[in-house]
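Enquirer: Provided herewith is a single structure, encoded as structure tokens, for subsequent inquiry.
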Amino acid sequence: MKFAFLSKTALFGLVLTASASCALAEQVPVIDVSSPINTLSNAGTLAEQLASVERKLDSRNRAQVNIQRQLDDMQTQVNELRGVTELHTHQLSQVLERQRELYQELDRRVTEALKPNTQAPTTIAVNTVTSPISQNYSSDLTENEAYDKALNLVLKDKRYEEAIPAFKRFNENYPQSSYAPNAHYWLGQLLFNKGELTSAEQEFAIVVEQFKESSKRPDALLKLAMVAQQQESNAKAVALYRQLLTQYPDSTSAQLAKPRLESLVQ
């Protein structure tokens with residue numbers, strides 16, 4: 001009896017052990033290491049991430065290219081505006097200079113009109129001893145009228161081709177005129193606009209070298225430097241720009257010379 005009881009007990013223990021083993025086996029998941037599913041899933045995720053990074057980089061590159069293009073466009077616009085500003089500044093200085101000339105002419109004519117009549121023969125005598133007048137140049141024009149006629153061809157009538165010989169005749173007939181530096185400057189400007197740089201340089205040089213007290217001298221220095229720059233004589237241009245900035249630092253011409261000098265010395 002005792003042996004039978006022990007056998008039943010042992011058999012019962014074996015059954016319990018087998019049941020516990022089955023329960024544990026059901027709780028643990030079974031992984032098939034030979035299956036490629038997980039490997040493919042990870043590879044697909046990595047490829048998607050790389051594709052996403054590439055798209056972001058491409059988008060950033062396009063944005064940088066667009067920004068650079070916009071910066072280039074803005075720089076071009078700034079340069080254009082700077083050129084327009086320089087042109088307007090120069091035109092304004094020319095207008096102011098013309099007004100000053102008109103005031104001088106008016107004052108000169110008023111002074112002549114107020115002179116005593118006894119001085120009239122002297123004036124006539126001076127006019128009659130002037131140098132020979134070239135063809136098509138009226139002999140009864142006074143010095144003031146001759147200069148005013150040439151200047152109006154530029155400022156009023158815009159007949160630049162006709163203004164060139166008019167200023168040449170004025171300079172020949174009135175070399176000692178108070179308008180001589182202005183006449184040489186205007187002649188140089190007209191020749192400069194035509195691209196006759198050598199002849200223009202000669203006229204500007206006359207203003208700089210012979211009329212050192214003239215208000216046109218800073219403008220003539222600027223134009224001499226610009227002529228040298230166009231002739232690719234950069235060292236000469238730099239020297240002339242620096243001379244202008246040293247001698248006339250507060251002039252309008254000096255302000256126009258600064259950016260040109262900076263472009264040459266960079």
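Laboratory data are not the source of any read-out in this text; all were calculated from the coordinates shown. All values reported here derive from a predicted model rather than from experimental measurement. For neighbour counting, all protein chains shown are included, and Cβ atoms are generated from backbone atoms with ideal geometry for every residue, glycine included.
Enquirer: Have a look at Leu264, Leu222 and point out the one that is more than 28 Å from Phe170 (Cβ to Cβ) and either of a type in the set (Gly, Ala, Ser) or under 21 Å from the mean Cα position of the chain (by Cα) (or both). Before the answer, list the steps.
Expert: Working: Leu222 fails: more than 28 Å from Phe170 (Cβ to Cβ).
None of the others qualify; the one that does is Leu264.
Enquirer: OK, next. Would you confirm, using the coordinates I've provided, whether Leu187 is farther than 22 Å from Pro218 by Cβ and either in contact with a Pro (Cβ under 6 Å, 6 or more places away or on another chain) or crowded, with 20+ Cβ neighbours inside 10 Å (or both)? Don't jump to the end; show me each part of the working.
Expert: On the way: farther than 22 Å from Pro218 by Cβ: no; either in contact with a Pro (Cβ under 6 Å, 6 or more places away or on another chain) or crowded, with 20+ Cβ neighbours inside 10 Å (or both): yes.
In short, no.
Enquirer: Can you tell me how many residues within the range 165-208 are hydrophobic (A, V, I, L, M, F, W, C) and under 17 Å from Glu143 (Cα atoms)?
Expert: Step one: list which residues in the range 165-208 are hydrophobic (A, V, I, L, M, F, W, C), which gives 166-167, 170, 180, 183, 186-187, 190-192, 197, 200, 204-208.
Remaining after also requiring under 17 Å from Glu143 (Cα atoms): 166-167, 170, 180, 183, 186-187.
So the count comes out to 7.
Enquirer: Here is a list: Ser214, Ser253. Which entry is crowded, with 18+ Cβ neighbours inside 10 Å, of a type in the set (Gly, Ala, Ser) and in contact (Cβ under 8 Å) with a residue 40 or more places away in the chain? Don't jump to the end; show me each part of the working.
Expert: Details: Ser214 fails: in contact (Cβ under 8 Å) with a residue 40 or more places away in the chain.
The unique qualifying residue is Ser253.
Enquirer: Separate question: Which pairs do you get when a residue that is without any contact (Cβ under 8 Å) to a residue 12 or more places away in the chain, found in the range 180-201, comes within reach of a residue that is outside any helix (DSSP H, G or I) and surrounded by fewer than 21 Cβ atoms within 10 Å (Cβ to Cβ), reach meaning Cβ atoms under 9 angstrom, with the pair 6+ apart or on two chains?
Expert: Every condition considered, the pairs that remain are Thr198/Gln231.
Enquirer: Please state which one of Gln176, Gln189 is among the polar types (S, T, N, Q) and not in a helix (DSSP H, G or I). Explain how you work it out, then say what you get.
Expert: Values: Gln189 fails: not in a helix (DSSP H, G or I).
Of the residues listed, the single one that is among the polar types (S, T, N, Q) and not in a helix (DSSP H, G or I) is Gln176.
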